[in-house]
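Beneath this line is the structure, given in structure tokens, with notes to follow.
The values are calculated or read from the model by the stated rules, or taken from the named source; none is laboratory data. A quick note: this is a predicted structure, and the numbers were derived from the prediction, not measured. Cβ placement follows ideal geometry from the backbone for every residue including glycine, while neighbour counts extend to all protein chains displayed. To get the accessible areas, we keep the full protein, side chains included, count just its heavy atoms, and leave off ligands, DNA and RNA. Shrake-Rupley method; radii C 1.70, N 1.55, O 1.52, S 1.80 Å.
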Amino acid sequence: MNESRQGQKYEPLIIYPQYYDRICQAERYASSLLPFIPRGLPVFQSHGICHSEALIRFIHQMLRTLPISLGNEEIFLLFLGAWFHDIGYIHPISIHDRSRHAELSSVIIRTDPFLSELLTENERSDLAFLVECHDSRIDLMTKRSTSLLRLHLVTALFRLIDALDLGTDRCPSEVFSLIEDGLDEHSRRHWKAHQNVQSCFFKYPSLIIRVYDPEDPFFRLRIVPHLEDDCTSCSPIFGKSGLEPCYLAIETSDGKMPDISP
């Protein structure tokens, strides 16, 4: 990647070399690891480099529309999260127990020699917290932290950013046509749900999903409830920070549909 494109990717940090130089190193390191996430994961959804880059685009959208400013270290943490939140999927345990990937990611972050050199102890601790708690099953309100950052708020924002990466970029129709006969019904419905999504945007406080068919049953039953649950789980954190909770909005190419969540 040329220097100008790299600068655009991490533009909020480019005048702060203590963060910019290290996030560039982190990207190079993560990019060498992510291709080893096995394709045998349940539902076969992509968790590779393209997913991380999509999250970076959502981070920029969120920063442009959030009514408060985040500090440089908080932005640095979000970018780090984009590269390392799914790194636990490279561990063989995750093939048999997908639910442990966030925990495994946290362990890798705390013990990896490269990250131990790249990040301070506090930065690694904050990153480990964020990646472990991006799992929507974890109640953020019960998790304690001694971080000097607004770690619960940053983690809540990251949880929604991660959940918003939907669509054919992660479940391409070309791949689906080749593997459909090997998918179980659960996985097949998941792929079909993603293929109803045209594009996604983070325009605080709305998570906007543009779809082909808003009444598609796979989308309604698999995508919508999960995102609504994520918005609900993050609402108390936003409330404590004096922010309006995020909500889900569905759009079609011929006009905006009513919001699914109030």
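Observations on the structure shown:
- Selected residue (criterion: farthest from ILE138 (Cα to Cα)) from residues of region 224-262 that are modelled with pLDDT of 90 or more and in a strand (DSSP E or B): THR252
- The combined condition, being modelled with pLDDT under 95 and closer than 23 Å to ALA82 by Cα, is not fulfilled by ALA156.
- Enumeration of residues in region 190-227 that are open to solvent by less than 70 Å² (accessible area, probe 1.4 Å) and farther than 26 Å from SER173 by Cβ: TYR204, PRO205, SER206
- Given (1) within 19 Å of the chain's Cα centre (by Cα); (2) open to solvent by 10 Å² or more (accessible area, probe 1.4 Å); (3) within 24 Å of LEU207 (Cβ to Cβ); (4) at pLDDT 90 or above, index of the condition GLY71 fails: (1)
- Any hit, region 78-95, residues being within 16 Å of the chain's Cα centre (by Cα), among the acidic types (Asp, Glu), within 18 Å of HIS152 (Cα to Cα) and surrounded by 14 or more Cβ atoms within 10 Å (Cβ to Cβ): no
- Hits in region 113-133 (condition: acidic (Asp, Glu) and either open to solvent by 20 Å² or more (accessible area, probe 1.4 Å) or touching a Leu at 6+ places or on another chain (Cβ under 7 Å) (or both)): GLU117, GLU121, ASP126, GLU132
- Scanning region 134-153 for residues that are open to solvent by 10 Å² or more (accessible area, probe 1.4 Å), at pLDDT 95 or above and within 21 Å of PRO205 (Cα to Cα) turns up ARG150, HIS152.
- Positions within region 128-141 being β-branched (Val, Ile, Thr) and in a loop (DSSP other than H, G, I, E, B), in sequence order: ILE138
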